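Novice: Sending over a structure as structure tokens; questions will come in a sec.
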Amino acid sequence: MTITAAEVLVSSPGRNFVTVRITTSAGVTGLGDATVNGRELAVVSYLRDHLVPLLIGRDAHAIEDTWQYLYRGAYWRRGPITMAAIAAVDTALWDIKAKLAGMPLYQLLGGRSRRGCLAYGHASGADLPELFDSVRAHLGQGYRAIRIQTGIPGLSSVYGVASSSNAHVGDAAGATSRYDHEPARRSAVPVEEEWDTRAYLRHAPRVFEAVRNEFGPELPLLHDAHHRLTPIQAARLGKELEPYDLFWLEDVTPAENTAMLRRVREHTTTPLAIGEVFNTIWDYRELFEEQLIDYVRSPVTHAGGITALRRIFDYAAVYQIKSGVHGPTDVSPVGLAAALHLGIAIPNFGIQEYMKHSAATDEVFRPAYRFADGLLDPGEEPGLGVDYDDEAGAAHPYEPAYLPVNRLKLDGSMHDW
Ligand code: GCO
Ligand code: MG
């Protein structure tokens with residue numbers, strides 16, 4: 001069975017998604033997600049101009065060999081664009097293999113290890129009353145773990161916090177949500193936001209204290225510092241959050257220098273998660289071997305596909321490190337479905353981020369996965385259980401959209417975010 005076609009589909013039902021669809025001589029098709037938020041067309045070109053011509057005529061069953069061919073063969077290895085392109089091809093080939101087997105993909109990955117994948121949602125608010133409303137709304141939808149982000153006194157807006165002008169919460173079916181547009185805004189240039197680390201460090205522990213007082217000790221709470229702190233600031237935050245028993249503290253320092261987490265780890269027992277911007281197993285080596293983190297954030301989409309992420313999770317398991325896959329709305333339903341098939345099968349599943357895609361997105365992708373009682377389930381459809389609707393997809397053409405950039409309030413310097 002050979003690959004006879006590979007198409008790169010771009011659709012923008014509220015945000016831009018890049019999808020690969022591979023067709024085989026047996027007539028079976030498979031899907032993969034190649035979305036890199038804010039740099040989408042670079043992956044489109046990488047795929048269309050450089051990978052698709054190499055795929056035609058290859059054995060569609062030879063997933064590992066194709067992965068090695070695309071990774072080693074590139075010579076210019078790694079990086080988000082290359083790895084997202086390889087991920088999409090890899091995922092599509094797994095989808096095809098599982099469809100041919102007549103099984104949901106997780107069966108090929110070892111079968112079901114749990115009833116469902118524990119999901120966490122994003123509660124946010126400009127202030128505490130708004131935040132509490134958002135937490136209550138999430139609890140009402142069935143979430144059993146919640147990420148907490150809030151506005152910071154003195155800053156006009158903070159990334160990851162929905163503005164009150166569109167502050168409504170999506171329904172359980174995944175209709176329009178205040179969070180749908182959070183990770184990128186449609187504009188020709190990025191929006192600029194302002195930042196003040198000292199104000200943040202003063203405010204964050206008070207927020208968690210208030211949330212614990214309001215919602216009690218049981219609810220797992222998460223927080224994303226979005227790469228904005230120095231190691232010593234991160235150490236202070238982790239230490240000050242210890243009384244509030246976080247499930248994890250995410251991306252406390254910029255991702256380039258992973259050795260910085262040693263300093264953080266020396267000072268705090270707050271569990272640490274990192275890796276949404278990593279793209280290979282090599283990025284984790286030091287973190288795993290020195291046991292500097294507790295959760296792996298890489299999604300299938302940005303870490304080279306199911307073949308590569310499964311290997312990362314196996315490596316993590318040696319050190320009792322668990323999965324905590326990135327699942328914002330800029331990972332497409334194809335990428336989320338792939339994460340769920342992997343998550344339901346691996347022994348060291350931790351948690352899955354779940355923001356819910358818009359109704360328009362679900363009309364394009366028609367995912368079979370379901371969210372109920374705080375758990376996500378990949379479903380029993382053969383393959384990934386995602387069915388791309390060409391007509392719905394074509395109704396949403398690409399529009400430039402960018403993540404914001406972050407400048408210090410003090411003097412306008414560019415800052416990490
Ligand atoms: C998260 C993230 C997102 C990212 C976004 C970038 O933990 O969900 O940090 O909000 O910023 O996915 O494209
Ligand atoms: Mg994050």
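All of the numbers you see were taken from the coordinates with simple rules; none came from a lab. For clarity, every value in this text was computed on a predicted model and none was experimentally measured. With ideal geometry, Cβ positions are generated from the backbone for all residues, glycine too; neighbour counts draw on all protein chains shown.
Novice: Give the long-range amide H neighbours of R185: residues separated by 5 or more places, or on another chain, with amide H under 5 Å away, using H modelled in the peptide plane at 1.01 Å from N.
Specialist: Here the answer is Y402, L403, since their amide H atoms fall under 5 Å of that of R185.
Novice: Another question, if that's okay. With angles folded into 0 to 90 degrees, how steeply does helix 128-141 sit against the dominant principal axis of the chain? Use alpha carbons for both and round to 10.
Specialist: 40 degrees
Novice: Still on this structure: In what order do S413, S323 fall by count of nearby beta-carbon atoms within 10 Å, going from fewest to most?
Specialist: Details: S413 10, S323 26.
So the residues, fewest neighbours to most, are S413, S323.
Novice: Pick out which of R311, R115, R144 has the largest mean-square fluctuation in a Gaussian network model of the chain, springs linking Cα atoms closer than 10 Å.
Specialist: Greatest mean-square fluctuation among the candidates belongs to R115.
Novice: A further question on this structure: Please give the Cα centre distance for segment 269-346 versus segment 197-258, rounded to the nearest Å.
Specialist: 21 Å
Novice: Angle check, please: helix 63-73 long axis (alpha carbons) against the longest principal axis of the chain (alpha carbons), in degrees 0 to 90, nearest 10.
Specialist: The angle comes out at about 70 degrees.
Novice: Hey, another quick one. Measure of size requested: the Rg and Dmax of segment 3-104, with Cα atoms as the atom set and Å as the unit; please supply both.
Specialist: Calculated on Cα positions, Rg and Dmax stand at 13.0, 37 Å.
Novice: When the dipole is taken about the Cα centre of segment 221-303, and only Lys, Arg (+1) and Asp, Glu (-1) are charged at their Cβ, what size is it in debye, to the nearest 20?
Specialist: Values: 8 positive and 14 negative charges, 37 e Å.
Approximately 180 debye in magnitude.
Novice: With charges only on Cβ, +1 for K and R and -1 for D and E, what is the dipole size of the chain about its Cα centre, in debye, rounded to 20?
Specialist: Result for the chain is approximately 640 debye, rounded to the nearest 20.
Novice: When Lys and Arg each count +1 and Asp and Glu each count -1, what net charge do the other residues less than 12 Å away from T197, Cβ to Cβ, add up to?
Specialist: Numbers: positive: R198, R202, R228, R236, K409; negative: E194, D196, D416.
Overall, the nearby charge balance is +2.
Novice: Rounded to the nearest 500 deg cm²/dmol, what is the calculated helix-only ellipticity per residue at 222 nm for the chain, with -39500 (n - 2.57) per DSSP H run of length n ≥ 4? Show your work: numbers first, answer last.
Specialist: Values: 14 runs with 142 residues, N = 417.
The helix-only estimate for the chain comes to -10000 deg cm²/dmol at 222 nm.
Novice: Among A204, A87, A162, determine the one that fluctuates most according to a GNM of the chain built with springs between C-alpha atoms less than 10 Å apart.
Specialist: Checking each option, the largest mean-square fluctuation is seen for A204.
Novice: Where in segment 1-70 are there GluC sites (Glu not before Pro) that are in a DSSP coil and have at most 15 other Cβ atoms within 10 angstrom of their Cβ? Working shown, then result.
Specialist: Working: sites: E7, E40, E64; in loops: none.
Answer by residue number: there is no such site.
Novice: Under a 5 Å amide H to amide H cut-off, with H placed in plane at 1.01 Å, what residues pair with R228 once short-range neighbours are removed?
Specialist: HN-HN under 5 Å from R228: empty list.
Novice: Name the residue, out of R48, R72, R147, whose mean-square fluctuation peaks in a Gaussian network model built on the chain with Cα pairs under 10 Å.
Specialist: Comparing R48, R72, R147 in a Gaussian network model of the chain, the most mobile one is R72.
Novice: Then there's this: Within segment 294-386, list the GluC sites (Glu not before Pro) lying in a DSSP loop whose Cβ has at most 11 other Cβ atoms in a 10 Å radius.
Specialist: Working: sites: E353, E363, E380; in loops: E380.
In loop regions of segment 294-386 (DSSP not H, G, I, E or B), the sparsely surrounded GluC sites (Glu not before Pro) are E380.
Novice: Apply the Debye scattering formula to the chain, with a single equal point scatterer on each alpha-carbon and no solvent, then give log10 I(q)/I(0) at q = 0.11, 0.12 Å⁻¹.
Specialist: Debye output, listed in q order: -0.78, -0.94.
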